[in-house]
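Peer 1: Here it is: the structure, laid out below.
Values quoted throughout were computed directly from the atomic coordinates according to the rules given, and no laboratory measurement underlies them. As the structure is a prediction and not an experimental result, all values here were calculated from the model. Heads up, the Cβs are rebuilt from the backbone with ideal geometry, glycines too, and the neighbour counts pull from every protein chain shown.
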Amino acid sequence: MTDKRQRPSDTDTAQRVPGDAQVITLHNVPEGENFLAHIITGPDIAAMPRMEWLLKGRIPMKGLVALYAPPKSGKSVVACELAVAASLGEPFWQVPFGKRLSVLYIAAERSSDIGDRLKATLQRRGVPYPDTLHVYARETGPLQVDNAAHLLGLVQVAQHLKPDLIIFDTFARMTLGIEENSSGDMGEAVEKFNAVIRAAGPQAAGIIVHHAGKDKSKGLRGSTALLGAVDAVWSVTREGQNYALELEAMNAGALPMPEHFTIHGELIAGHEDTTPVLVWQEFRDFANSRDKYLVEVLNEAGEKGLSKSELTDLYNGKHNASKSPATVYGWLTKLVKASQVEQPAGAKSATRYYGKGLAPK
């Protein structure tokens, strides 16, 4: 018996376009919805768009990032630095924005403090206030995404300004009364933040400033539904007067090395007290003695570079140690990732290492 079923010809396949699908009757589907139009098959998968970045490797376009830290640990200082850098088109976390972005900073609490921090951050740069930076400063009571009128208002603000980046400071203040340990409540709250982001436009992204839980080892406060709902998680940790900004989790892309900073008091003209602003640290300001030594000897080696075996011998001889090449290789890998040590492009693990800017092109 002949099988009369036929496979699509190569010609048919070549003429297909992404999203092309046969329209059939689907039951119990809302009118106007054609779910089959979202099916992508075979070679069309190759034409699917790649992930795009608002800030490469840090903020996905259309994404939502959670920035959290314990109280008084610098998270709003980081948020203000981010807002200013984005609005000026400057680098942030060693990555350039590439162009000036429209930024909306929603100061849901202590808006006067946020205003002072933005003023101080701009004053430190010696630049005028950019017309790309917008602050929503509410002084008439808490702004709640669970309040239908408040949410509609935020959506309308986003539609009007069309910001590229929205910073919500803080998540807890804008979700008063919800059960943070409830996955349902947290999931619904995140969807409302996403609704505001979507209203800003198809390329916009958002940052929610949040608190750490009582158990710092568990990260973000509240249900793990929040962790599952965001695209990336940034954390701020503090050790004495030194702070570190770390990308803890990301749905796509490699995790960069933490960025280190201190907080400096900036005196705004006409103010009596200083206002905290972020100051990025150089490698020499926060690195441990081991990493400083490796970078130093590689800089001294110049264009000759050193292999991991040579570096291992030098380190063990200097420190009367017995570290293995594998251990030293791990240290070097982190230094390469931190952009303090270089390897030639496409190099294998057995290659030579060079000081910053000294690797052969």
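Peer 1: With the crude spin-label approximation of a point 7 Å out along Cα→Cβ, what separation in nm comes out for Arg125 versus Met48?
Peer 2: For Arg125 paired with Met48, the spin-label model returns 3.7 nm.
Peer 1: While we're looking at this one, here's another question. By how many nm would the segment from Asp313 to Lys56 lengthen if fully extended, with 0.36 nm per residue of separation less the alpha-carbon distance?
Peer 2: This chain segment gains 88.8 nm when fully extended.
Peer 1: Another question, then. Leaving out same-chain residues fewer than 8 places away, which aspartates and glutamates sit with a Cα under 17 Å from that of Lys292?
Peer 2: Straight-line reach from Lys292, under 17 Å: Glu259, Glu282, Glu300, Glu310, Asp313, Glu342.
Peer 1: Still on this model: What FRET efficiency do you get for Arg110 and Glu296 if R0 is 35 Å and r is their Cβ-Cβ distance, rounded to the nearest 0.05?
Peer 2: Taking R0 as 35 Å, the efficiency between Arg110 and Glu296 is 0.20.
Peer 1: Can you find, among Met250, Val127, Leu335, the residue sitting farthest towards the positive end of the charge dipole of the chain, where Lys and Arg contribute +1 and Asp and Glu -1 at Cβ?
Peer 2: Projecting each Cα onto the dipole axis, the largest value belongs to Leu335.
Peer 1: Something else about it: Apply 1/(1 + (r/R0)^6) to the Cβ-Cβ distance of Lys356 and Ala149, taking R0 = 35 Å, and write down the FRET efficiency to the nearest 0.05.
Peer 2: 0.05
Peer 1: Can you give me the convex hull volume of the Cα atoms of the range 53-120, divided per residue and expressed in Å³?
Peer 2: 103
Peer 1: Another question, then. Run the numbers for Ala137 and Ala321: contour at 0.36 nm per residue of separation, minus the present Cα-Cα distance, in nm.
Peer 2: Working it through step by step, the gained length comes to 60.5 nm.
Peer 1: For His271 and Gln94 in one chain, what is 0.36 nm times their gap in residues minus the Cα-Cα distance, to one decimal in nm?
Peer 2: Roughly 60.6 nm would be gained on extension.
Peer 1: Show that you can apply the helix-only estimate: for the chain, add -39,500 (n - 2.57) for every DSSP H stretch of four or more residues, divide by all residues, and state [θ] at 222 nm to the nearest 500.
Peer 2: Estimated from H runs of four or more residues: -10000 deg cm²/dmol.
Peer 1: Along the Cα→Cβ direction, 7 angstrom out, place labels at Ile40 and Tyr329. What is the inter-label distance in nm?
Peer 2: Result for the modelled spin labels: 3.7 nm.
Peer 1: Just to check I understand the Karplus step: with θ = phi - 60° and J = 6.51 cos²θ - 1.76 cosθ + 1.60, what whole-Hz values come out for the range 172-182, glycine and proline as x?
Peer 2: 4, 5, 8, 10, 4, x, 7, 8, 5, 8, 8
Peer 1: Say we join alpha carbon atoms closer than 10 Å with springs in a Gaussian network model of the chain; which of Ile207, Ile39, Ile197 then has the biggest fluctuation?
Peer 2: Result: Ile39 has the largest fluctuation of those listed.
Peer 1: Could I ask something else about it? Tell me whether the range 109-161 comes out rounded, prolate or oblate; compute the Cα gyration tensor, take square roots of the eigenvalues as a ≥ b ≥ c, and use a/c under 1.5 as the rounded threshold.
Peer 2: Oblate shape, in that a/c is at least 1.5 and b/c is the bigger or equal ratio.
Peer 1: Turning to a different aspect of this structure: Counting Lys and Arg as +1 and Asp and Glu as -1, each charge on the Cβ, what is the dipole of the range 176-234 about the Cα centre in debye, to the nearest 20?
Peer 2: Charge dipole of the range 176-234: 200 debye, to the nearest 20.
Peer 1: Let me ask something else. In Å and whole numbers, how far do the C-alpha atoms of the chain stretch along each principal axis, longest first?
Peer 2: Taking the Cα atoms of the chain, the three principal extents are 78, 76, 40 Å.
Peer 1: Continuing with the same structure: Under 20 Å from the Cα of Lys218, which lysines turn up, not counting those fewer than eight places away in the same chain?
Peer 2: Reachable lysines: Lys72, Lys75.
Peer 1: Sequence-distant or interchain residues sharing an amide H contact under 5 Å with Val135, placed H: which?
Peer 2: For Val135, the qualifying residues are Tyr105.
Peer 1: Here is a follow-up. Just to be sure I understand the model, the point goes 7 Å from the Cα along the line to the Cβ. What's the resulting Glu246 to Gln203 distance in nm?
Peer 2: 3.3
Peer 1: Sticking with this one: Build a GNM of the chain with springs between Cα atoms under 10 Å: which of Asn194, Asn28, Asn181 gets the top mean-square fluctuation?
Peer 2: Asn28
Peer 1: Just name one of Ile208, Asn316, Ser111: the one whose Cα is farthest towards the positive end of the charge dipole of the chain (beta-carbon charges, Lys/Arg +1, Asp/Glu -1).
Peer 2: Asn316
Peer 1: Over the chain, calculate the relative contact order: mean separation of alpha carbon pairs under 8 Å at least 6 apart, over the residue count, as a percent.
Peer 2: Result for the chain is 15 percent.
Peer 1: Rounded to a whole number, what is D in µm²/s for the range 90-248 from Stokes-Einstein with the Kirkwood radius over alpha-carbon pairs (10 °C, 1.306 mPa s)?
Peer 2: 94
Peer 1: If you don't mind, another one. Given axes a ≥ b ≥ c from the Cα gyration tensor, I'd like to know whether the range 248-358 is rounded (a/c under 1.5), prolate (a/b larger than b/c) or oblate.
Peer 2: It comes out prolate by the Cα gyration axes.
Peer 1: Please check: in the Gaussian network model of the chain (C-alpha springs, under 10 Å), which one of Ala269, Ala195, Ala232 has the largest mean-square fluctuation.
Peer 2: Sorting by GNM fluctuation, first place goes to Ala269.
Peer 1: Let me ask something else about it. Could you give the DSSP H helices of the chain that reach 15 angstrom or more along their long axis (alpha carbon positions) and whose average Kyte-Doolittle hydropathy is no lower than 0.5?
Peer 2: Helices passing the filter in the chain: 75-88, 148-161.
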